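Read the structure below first, then the notes.
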There are 2 protein chains.
Amino acid sequence: MKAIPQHLLEELDVRILLGNTYHLYLRPGYEAIRRMGGLHRFMSWERAILTDSGGFQVYSLSELRKVTEEGVSFRSHIDGSSHFFSPEHSMDVQIALGSDIAMAFDECTEYPADYARARASLEMTLRWAKRSQEHFEKHKQERPWDRAQGSEKRAQEMRDQTPNLFGIVQGGMFPDLRRESAERLVEMDFPGYAIGGLSVGEPREMTREMIATTLPLLPKDKPRYVMGVGYPDEIAEYARMGVDMMDCVLPTRAARHGLLFTSEGRLNIRNRQYAEDQGPPDPNCGCMVCRRYSRAYLRHLMVAQESLSAVLNTLHNLAFYVETMRKVREELLAVSS
Amino acid sequence: MKAIPQHLLEELDVRILLGNTYHLYLRPGYEAIRRMGGLHRFMSWERAILTDSGGFQVYSLSELRKVTEEGVSFRSHIDGSSHFFSPEHSMDVQIALGSDIAMAFDECTEYPADYARARASLEMTLRWAKRSQEHFEKHKQERPWDRAQGSEKRAQEMRDQTPNLFGIVQGGMFPDLRRESAERLVEMDFPGYAIGGLSVGEPREMTREMIATTLPLLPKDKPRYVMGVGYPDEIAEYARMGVDMMDCVLPTRAARHGLLFTSEGRLNIRNRQYAEDQGPPDPNCGCMVCRRYSRAYLRHLMVAQESLSAVLNTLHNLAFYVETMRKVREELLAVSS
């Protein structure tokens, strides 16, 4: 997690991290992480880890991509070296990382995409989901910690946990394609389902409509995960609609740009109006930043380009997101009991 | 402290911070900090704060400096704006910051400097020390927290503490000038004494010689402070010689460049040899970094230019410095008892 030591994430009650397969594949390399006993051990994080398939960053970061039925060839954004990701290779990499929740290798359909394009992309994603699943089931027991030394008890615990592969719904912004994608994916029987290809530039009502269209077709007793969202009010709204999991760079990236999420709305800590504001970032927040530091101090760190700025802003935004989801869970439990 | 939240500094048992008068004067400005109740309150740090006089950064960072008997005029390294620091103004700024230990405004003699230059610089530093002292004694009760709201008990405690002004010995690399500077400074009766103008490019034996020459002339029952040093073995050596205080950017700056100080010597964490080294940075260190993370992980963070790299490297180096000084104190207490 950018700028935040793991023990502070634990103190924040963060229970799961997303590991970026594309980045870890390029640096330090998945073979290196496998040799070192997996990502949990490498980064000293015993709680859950979800890994994405690598596909999204291949599409958004790498150069000279070429997509074929077999997979995607691309050049590294770091050194221009050539690489190839297929559904099978993405599974190998995620298994090597020791992921608890791996994602099927999909094609994240761009926005806007016409019906024919969305249909073709969805069909390939379903074929890739099948290949991902077959390869994953065959190799999922090859977990990296069997190779590592360390606490025998912990090693046994981790061996006992079976990793999970989630399928991903695509279908662009077409409700009938979303429904078809969901139905055909559910037939394949995954332990969890993601809705992908959202928050890619479409208006928010459209995001909501696609989620509302897709959710009822996904089994209620399995995790339902919307990828790449969102703002605090957005994630609360989707959770109330029945979404169980979401992921987003927003709380951490916004923090580094000085955008704080608070109970009173968004606050751009760079603003001159906070130069001598001795109040906490969010008067209703009990996080370690709001209990101790003023808006004036956080603004100063930002303006002076101090690295502590990213640390404190990120700590607050993460605390705000964790608290947002805690409240939603409490609310939903109250409704259901 | 770059990259490290205050509560982690407290956990590390850091008891005093150095506030850079030059930087704080330019950003956010000393009047702003005074209006907000002083630096302790602004940055949420209740332990001790020492401020430098601003002179050193004026000489090393600012542009178009002009030194006269009255003081130093200079242009900001940030926006080129014109400013003027005199002994009186430096005292006003340090008092406004609410410093616990303020430093006299001196001229840090450059290296190399010939005898005549070192003599002239020393004489001006002594005249400036006198002006610093007179102004400080007249105004030291004007502490900024009288203006601030907050815990009345804490405000009273802080009002009860009288700030201290330390004089600074100069004299270039000439033992007789160092002795003269020390003797004439001690006549002025400061509550503590610093040895300045060292670690400015001279060989280390010369630093040691100047400290050895000067220390016996400074009262043993008052703090003796060598400015701008040093490496771990250096600070241990000087402490054994009788130095009570030192300050240096080295542990934090080196950390950001991947240089870790360990019980086994210096370790450049960027080196390829650590790519899969699962040992702790320092096997003999019990700090929160060495207990949890491997050399391989720290190397990865550095190579991938992750901001967490600066946080973890700095935490370790600070812990190592704090532990170095703790051991020296223990050793000296054992010898003296």
>> For a quick check, take a GNM of chain B with Cα springs below 10 Å and name the residue from B:GLU180, B:GLU11, B:GLU107 with the largest mean-square fluctuation.
In response: B:GLU11
>> Please check: in the Gaussian network model of chain A (C-alpha springs, under 10 Å), which one of A:ILE78, A:ILE269, A:ILE235 has the largest mean-square fluctuation.
In response: A:ILE78
>> I'd like the Karplus ³J(HN,Hα) series for region B:11-22: coefficients 6.51, -1.76, 1.60, θ = phi - 60°, whole numbers in Hz, and an x wherever there's a Gly or Pro.
In response: 4, 6, 6, 6, 10, 8, 10, 9, x, 7, 4, 4
> Using the Cβ atoms and a cut-off under 10 Å, what net charge is assigned to the surroundings of A:ASN164, where Lys and Arg are +1 and Asp and Glu are -1?
Replying inline: +1
>> Given points 7 Å out from each Cα along the Cα-Cβ axis, report the B:GLU134 to A:GLU187 separation in nanometres with one decimal.
In response: 9.6
>> Please compute the Kirkwood hydrodynamic radius over region B:202-275, one decimal place, Å, based on all pairs of different Cα atoms.
In response: 14.0
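Could you work out the per residue convex hull volume over the alpha carbons of the protein assembly as shown, in cubic angstrom? Walk me through the intermediate numbers first.
Details: hull volume 128.4 nm³, N = 674.
With only Cα atoms used, the protein assembly as shown gives 191 Å³ per residue.
Considering every pair of different Cα atoms, what Kirkwood radius, in Å, is found for region A:234-303? Can you show the working numbers first?
Working: mean 1/r = 0.0755 Å⁻¹.
Evaluated over region A:234-303, this radius sits at 13.2 Å.
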> By DSSP, what percent of the beta bridges with both residues in the protein assembly as shown are antiparallel, rounded to the nearest 5?
Replying inline: 40
> Can you list the residues, at least 5 places off or on another chain, whose amide H is less than 5 Å from the amide H of A:GLU110, using H built in the peptide plane?
Replying inline: none
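With Cβ to Cβ distances under 11 Å as the rule, what net charge do the other residues near A:CYS290 carry (K, R +1; D, E -1)? Can you show the working numbers first?
Values: positive: A:ARG291, A:ARG292, A:ARG295; negative: A:ASP282, A:GLU323.
For residues surrounding A:CYS290, the net value is +1.
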> Among bridges DSSP assigns within chain A, what percent are antiparallel (round to 5)?
Replying inline: 40
> Given a Förster distance of 56 angstrom, what is the FRET efficiency for B:ARG266 paired with A:ARG208, based on the Cβ-Cβ distance and rounded to 0.05?
Replying inline: 0.50
>> In whole Hz and in residue order, list the ³J(HN,Hα) couplings for region A:95-107 that follow from phi through the Karplus curve 6.51 cos²θ - 1.76 cosθ + 1.60, θ = phi - 60°; x for Gly and Pro.
In response: 5, 5, 6, x, 4, 7, 10, 9, 10, 4, 7, 10, 9
>> I need the inter-copy label distances for A:ARG291: point set 7 Å along Cα to C-beta, values in nm with one decimal, smallest first.
In response: 1.9
>> How far, in nm to one decimal, is A:ASP233 from itself in the other copies if the label point is set 7 angstrom along Cα toward Cβ? Shortest first, please.
In response: 6.2
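Excluding B:LEU50 itself, calculate the net charge of residues whose Cβ lies under 10 Å from the Cβ of B:LEU50, where each Lys or Arg counts +1 and each Asp or Glu counts -1.
With Lys, Arg at +1 and Asp, Glu at -1, the neighbours total -3.
On average, how much area does the Cα convex hull of region A:1-107 cover when viewed from any direction, in nm²?
Values: hull surface 26.9 nm².
About 6.7 nm², averaged over all directions.
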> Between chains A and B, what is the buried accessible area summed over both chains (1.4 Å probe, protein heavy atoms, nearest 100 Å²)?
Replying inline: 3200
> Can you list, shortest first in nanometers, how far B:GLN141 lies from the same residue in the other copies, with each label 7 Å from Cα toward Cβ?
Replying inline: 8.3
>> From the alpha carbon gyration tensor of region A:169-222, can you work out the equivalent ellipsoid semi-axes (sqrt of 5 times each eigenvalue) and give them in Å, largest to smallest?
In response: 19, 11, 9
> Once you put a point 7 Å from the Cα of A:GLU46 and another 7 Å from the Cα of B:HIS257, both along the Cβ direction, what distance in nm separates them?
Replying inline: 3.8
> Rounded to two decimals, what is Rg over Rh for region A:269-337 when you use alpha-carbon atoms and the Kirkwood radius?
Replying inline: 1.13
> Going 7 Å from the Cα of A:PHE84 in the Cα-to-Cβ direction, what parts of region A:35-76 have a backbone nitrogen less than 13 Å from that spot?
Replying inline: A:66-74
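With n ≥ 4 as the cut-off for DSSP H runs, can you work out [θ] at 222 nm for chain A, using -39500 (n - 2.57) per run divided by the number of residues, rounded to the nearest 500?
Details: 14 runs with 155 residues, N = 337.
Rounded to the nearest 500, the figure is -14000 deg cm²/dmol.
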>> Of the candidates A:THR68, A:THR262, A:THR214, which one comes out as most mobile in a Gaussian network treatment of chain A with C-alpha springs shorter than 10 Å?
In response: A:THR68
>> Quick one: the Cα spread of chain A along its three principal axes, in angstroms, biggest first?
In response: 59, 50, 50
>> Under 5 Å between amide hydrogens, which residues at least 5 positions from A:ILE195 or on another chain qualify, with H placed 1.01 Å from N in the peptide plane?
In response: A:VAL169, A:TYR225, A:VAL226, A:MET227
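Grab the alpha carbons of region A:51-190, take their convex hull, and tell me the volume per residue in Å³. Display every interim value, and only then the final one.
Values: hull volume 16.2 nm³, N = 140.
So the per-residue Cα hull volume is 116 Å³.
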> A:THR262's amide H: which non-local residues (gap 5+, or another chain) put their own amide H closer than 5 Å, with H modeled 1.01 Å from N in plane and none for Pro or chain starts?
Replying inline: A:LEU267
> Any idea how far the Cα center of region A:161-228 sits from the one of region B:37-107, in Å?
Replying inline: 59
> Using the Karplus equation 6.51 cos²θ - 1.76 cosθ + 1.60 (θ = phi - 60°), what ³J(HN,Hα) coupling, rounded to whole Hz, does each residue of region B:276-288 give in order, writing x for Gly and Pro?
Replying inline: 10, 7, 8, x, x, x, 9, x, 9, 10, x, 6, 5
> Structure shown: which of A:LYS140/A:LYS222; B:LYS153/B:LYS222; B:LYS2/B:LYS138; B:LYS140/B:LYS222 lie over 24 Å apart, alpha-carbon to alpha-carbon?
Replying inline: B:LYS153/B:LYS222; B:LYS2/B:LYS138
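The values are calculated or read from the model by the stated rules, or taken from the named source; none is laboratory data. Everything quoted here is computed from the prediction, not taken from an experiment. When we count neighbours, we look across all protein chains shown, and the Cβ atoms used for this are built from the backbone with ideal geometry, even at glycine. Please note that ligands, DNA and RNA were not included when accessible areas were found on the heavy atoms of the full protein model with its side chains. Shrake-Rupley method; radii C 1.70, N 1.55, O 1.52, S 1.80 Å.
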